[in-house]
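Down below is the structure, laid out as structure tokens.
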Amino acid sequence: MKIAMLFRRVRPGQWRLVQFLVAVALSSFATGMVLCLIAIRPRALLVVAFWVVMTALNAIILGWLSGCAQRTIRHRLRVIEEELERRAEEYATLNAEMRRLDLMKSAFLATAAHELRTPLTSLQGFSEILLIRGDLSEEQRRKCLTYINQQAIHLATIVDDLLDVSRIESGEALKLRYDVVDLFSVVEEVVTAFRISAPTHHFVVEGPGTLALVWGDAERLYQVMQHLVSNAVKYSPVGSTVTIRLESTDDSLKTSVSDQGIGMTREELAHAFEKFYRADLSNLAPEGMGLGLFMARHIVEAHGGEISIESTPGVGTTVYVVLPRYKKPGNYSGSWHLCLSR
Amino acid sequence: MKKILIVDDQPEIRDLVATTLRIGPYHILQAGSGPEAIEVARRERPSLILLDVMMPEGDMDGFEVCRRLKADEKTRDAFVMMLTARGQKSDIERGKAVGANDYFVKPFSPLELMTKVYEVLK
């Protein structure tokens, strides 16, 4: 078996050479022996018999060697085949993933274009009305200008979001302006805004019972809560309730945003934090660029926090944000500077 | 007075189109969702319907609304103009397939829209 192992090291192309060398060696040995025996003149029969035995031995050894060679080659082919299969599978998976990302990117371009065109339509339209119609009342003029102003601000937010994403993409860390932030006030501000913009939904806010202070960027945390509540509203039916609950432990603050919406499948959940990912790409899908959860994750993680989702299709979704609590050394004096820029 | 129905889920776009068309001798109607559009169209029988493609509410997009309008004998004679933020060929083809008579791409110039509406309704 050791010799067999030795032959495994021979490359398939070298087998003919090995066979040839062994054949030459054995034949030379046999011929030499015959010549020697003839030289000392033994009986001819013995010489012939010896020669026949040597030739047979030669044939047997050659047969065994070629068997070895075939086994080695078959073994190697099997290894190569397995490797090829594995690579083909890897390639197919990679290819499917690339196609999925590519589709997502094209879908994103279409949505981004749509998201930009909508405020642009208002800007172009209302400004043109102001230009061509001199007969508008003061009230109508003000209304047109208000639309223009609102849509310009909306446009700026979209562009800001896109810039944030491209910054994160290029590996740049989000710049945070740290201060003590009362998360409960941030949540209340967000909800107050939504009570006006989304009167179709009920909003319930449950406080932590203590001060909900974190060390972070109030504006960015506002952005996180806004994305989460906005998703909850977008993906749940009119008349349903969105619940925002704050719970506090010794070290952390846990905020949960729950809706009674359509929920997510396991597959959708797996991609939820990817940029541009939108579970529904039809014309009926809620508006948005698929950046909300992606941004929320990056902002929360930049704060040293964690974000996670629990969802059941048809029942609803809850997004949890856990942030480290702010602890001031010494006793609490009761005069916090609450950074609320909005 | 000829009736025009504007269908868009975004109130500011509805307001924009309405403000634009109010210059003309038209009676302007508005609907914020697909089902509402069908209801108003059946009741008011407008001559022209400006229909947005992207409408999330009521599980009915502009194409579906158009298909239903064209399938209903009460509303099939209305001239349907798809108002779409997507100028993509596939959208235009889909609009044609469900019976839309014409399309208009956002963002649009109110003056151009006005001219087009005037031509359609004259």
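The values are calculated or read from the model by the stated rules, or taken from the named source; none is laboratory data. Since the structure is predicted, the reported quantities are computational estimates derived from the model, not experimental observations. Don't worry about glycine lacking a Cβ; one is built from the backbone with ideal geometry, like all the others, and counts go over all protein chains shown. For the accessible areas, the whole protein counts, side chains as well, though only heavy atoms, and no ligand, DNA or RNA atoms are used. Shrake-Rupley method; radii C 1.70, N 1.55, O 1.52, S 1.80 Å.
Below is a table of values for the structure above.
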quantity	calculated
Contact order relative to length of region A:103-169, as percent, for alpha carbon pairs under 8 angstrom and 6 or more apart	39
Coil-residue GluC sites (Glu not before Pro) of region B:69-122, DSSP, other Cβ within 10 Å capped at 13	B:Glu73
Globularity index of the protein assembly as shown, i.e. its alpha-carbon radius of gyration over 2.2 N^0.38 Å	1.69
Charge tally in the Cβ shell below 9 Å around B:Thr75, where Lys, Arg are +1 and Asp, Glu are -1, B:Thr75 excluded	+3
DSSP loop GluC sites (Glu not before Pro) with at most 16 other Cβ within 10 Å: longest gap in chain A	A:1-171
At least 20 Å² of accessible area lost relative to the chain alone, listed for region A:140-177 with a 1.4 Å probe	A:Lys143, A:Tyr147, A:Gln151
In Å², nearest 10: area of A:Ser127 left accessible to a 1.4 Å probe	40
Computed FRET value (nearest 0.05) for A:Glu169 with A:Ser66, which takes r as the C-beta separation and R₀ as 51 Å	0.25
Rounded to 5, percent antiparallel among DSSP beta bridges of the protein assembly as shown	50
Modelled FRET efficiency - R0 56 Å, A:Thr265 with A:Ile40, Cβ distances, 0.05 increments	0.05
Distance between region A:49-118 and region A:156-201 - C-alpha centres, whole angstrom	50
5 angstrom amide H check on A:Glu206, placed H, neighbours 5+ away	A:Ile244, A:Arg245, A:Leu246
Net charge contributed by nearby residues that have their C-beta within less than 10 Å of A:Gly207 (K/R +1, D/E -1)	-2
Theoretical ellipticity at 222 nm over chain A - DSSP helices of four or more residues, -39500 (n - 2.57) apiece, nearest 500	-21000 deg cm²/dmol
Accessible surface, 1.4 Å probe, highest first, among residues A:Tyr91, A:Tyr320	A:Tyr91, A:Tyr320
Carbon + sulfur, % of accessible area of region B:2-121 - ligands and nucleic acids excluded, 1.4 Å	46
Average accessible surface area per residue within region A:75-134, 1.4 Å rolling probe, Å²	69
Buried area at the B-A interface (accessible, heavy atoms, 1.4 Å probe, summed, Å²)	2400
Angle in degrees between helix A:183-197 and the longest Cα principal axis of chain A, rounded to the nearest 10	70
Computed over region A:179-324: relative contact order in percent, which uses C-alpha pairs under 8 Å that are six or more apart	25
Most mobile listed residue (A:Gln14, A:Gln124, A:Gln223) in chain A, GNM with C-alpha springs under 10 Å	A:Gln14
Net charge over other residues, Cβ less than 11 angstrom from the Cβ of B:Val17 (K, R count +1; D, E count -1)	-1
For chain A: relative contact order, % (alpha-carbon pairs under 8 angstrom, 6 or more apart)	14
Cα-based radius of gyration of region B:2-121 once divided by 2.2 N^0.38 Å, which approximates compact folds	0.94
For chain A, built as a Gaussian network whose Cα springs stay under 10 Å, the top-fluctuating residue of A:Asp102, A:Asp250, A:Asp259	A:Asp250
Neighbour-limited loop hits for trypsin sites (Lys or Arg not before Pro), region A:131-205 (at most 12 other Cβ within 10 Å; DSSP other than H, G, I, E, B)	A:Lys175, A:Arg177
Candidates A:Leu116, A:Leu94, A:Leu162, ranked by Gaussian network fluctuation over chain A, Cα under 10 Å, top entry	A:Leu94
Accessible area in the full protein assembly, largest first, 1.4 Å probe, for A:Ser66, A:Ser240	A:Ser66, A:Ser240
Accessible surface of chain A, 1.4 Å probe, proportion on carbon and sulfur as whole %	60
